[in-house]
Amino acid sequence: TEIERAVVHESVGKALPPGTLVDALSDLPVPVERLTGDDVAPTDAVVAFGPEPGFLDARWVHCIRAGYDEFDVDAYRAAGVVLTNSTGIHGTTVGETVAGYLLAFARRLHVYRDQQAARTWERRPYGEPFTLDGERLCVVGLGTLGRGIVERATGLGMEVVGVRRSGEPVEGVERVYTPDALPEAVADARFVALAVPLTDETTGLVGEAELAAMREDAYLVNVARGAVVDQDALVAALEASGIDGAALDTFESEPLPPGSPLWDREDVIVTPHAAAMTRAYHADVADLVRTNFERWRAGGDLVNRVD
Ligand code: NDP
Ligand code: 7N6
């Protein structure tokens, strides 16, 4: 089937100004229009942040996120609608954000920034600051995000281990574990970074037992999805000094509710699901969509197909 129109759904506004994406796609061989609501035609390609019921009438839906957990993949398959995601574009942004979290914790930058607000000139105790050099990081999920994190961490002199489904080796990762060995993989790590998709297998992946398996001076980083971590168990572990801190970009409920105990903790860095933000996001997404348009026309396989 030919695609006769591309529509940029208003939901993309959660990640970028929609007009930037419309402009970046203006060289497609079909008209590109903005869409509010979900009234789409069977010959439409839809570019969206999240799902809408009407999208099941489209020909192809492209999700501008890597995580497509909000989409009912079975329903798309049953309706014969092609579904693609945006994995592959977040390695640098999220990798740099995670490097920032790790550096902040080691060099205590998060504490000094808090102190600055109160004009407090006070160095942290001698035993507190450390260097990342030589510290061990365990990266859980070694795809685009995981590798982006690994590259920065090795550049900072860290020793990196990781976890992935296949257990296959990854450059820069000294030892790759399979998911069943997660407690063993995290046991010796000063930092544990989560970069897995949210699936049945990864929901609640890090709970009481995994937090207990971590070092008492460990930090947890979650740039995956909130539900990968049992948030109550995390708060309990922080309160009991079972771990030293956490950097969280994703939460069980977003925005993080004002009453959450995570807000007030000095040992927690909260970012508003912003780890992947960049003013080049529209261009990165447009490259993916353009590539797939060309493949579609040439009758080839699309990249990043998830159905
Ligand atoms: P990829 O598909 O490139 O990588 C996923 C990795 O997770 C793979 O290495 C895979 O293993 C591994 N994995 C899957 N299931 C398990 C499991 N049960 N246990 C251990 N490892 C597992 O995805 P991306 O790196 O592009 O994105 C990952 C997720 O990060 C997204 O799904 C999204 O939820 C989140 N994300 C968050 C962002 C943010 O703004 N904070 C930005 C972008 C993504 P294998 O290699 O063996 O297949
Ligand atoms: C856009 C965030 C993803 O899954 O959640 C992220 O790719 C997208 C700023």
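The values are calculated or read from the model by the stated rules, or taken from the named source; none is laboratory data. Remember, it's a predicted structure, so these values are computed and weren't measured experimentally. Please note: Cβ atoms are built from the backbone with ideal geometry, for glycine as well, and neighbour counts cover all protein chains shown. With ligands, DNA and RNA removed, areas are computed over all heavy atoms of the protein, side chains included. Shrake-Rupley method; radii C 1.70, N 1.55, O 1.52, S 1.80 Å.
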So in the stretch 76-100, with the set limited to residues that are small (Gly, Ala, Ser) and open to solvent by less than 30 Å² (accessible area, probe 1.4 Å), which one is nearest to Leu198 (Cα to Cα)? Ser86
Condition test on Val160, is it in a strand (DSSP E or B) and touching a helix residue (DSSP H, G or I) at 6+ places or on another chain (Cβ under 6 Å)? yes
Can you find a residue in the stretch 257-280 that is assigned to a helix (DSSP H, G or I), open to solvent by less than 60 Å² (accessible area, probe 1.4 Å), of a type outside the set (A, V, I, L, M, F, W, C) and within 15 Å of ligand 2 (Cβ to nearest atom)? no
Take the stretch 175-200 and flag every residue that is away from ligand 2 (no atom under 16 Å from the Cβ) and touching a helix residue (DSSP H, G or I) at 6+ places or on another chain (Cβ under 7 Å). Tyr177, Leu182, Pro183, Val186, Ala187, Phe191, Val192
Does the stretch 8-24 hold any residues that are open to solvent by less than 10 Å² (accessible area, probe 1.4 Å) and either touching a Ser or Thr at 6+ places or on another chain (Cβ under 8 Å) or more than 16 Å from ligand 1 (Cβ to nearest atom) (or both), and which are they? Val8, His9, Leu21
Note down all Cβ pairs under 7 Å where the first residue falls in the stretch 276-305 and is at pLDDT 95 or above, the second is within 14 Å of ligand 2 (Cβ to nearest atom) and of a type in the set (Lys, Arg), and they're at least six residues apart or on different chains. none
Filter the stretch 124-147 for residues that are more than 16 Å from ligand 1 (Cβ to nearest atom) and touching a residue at least 40 places away in the same chain (Cβ under 8 Å); the one that is nearest to Glu201 (Cα to Cα) is Arg136
Note on the stretch 34-57: residues surrounded by 20 or more Cβ atoms within 10 Å (Cβ to Cβ), over 27 Å from Val196 (Cα atoms) and without any contact (Cβ under 8 Å) to a residue 40 or more places away in the chain are Leu35, Val40
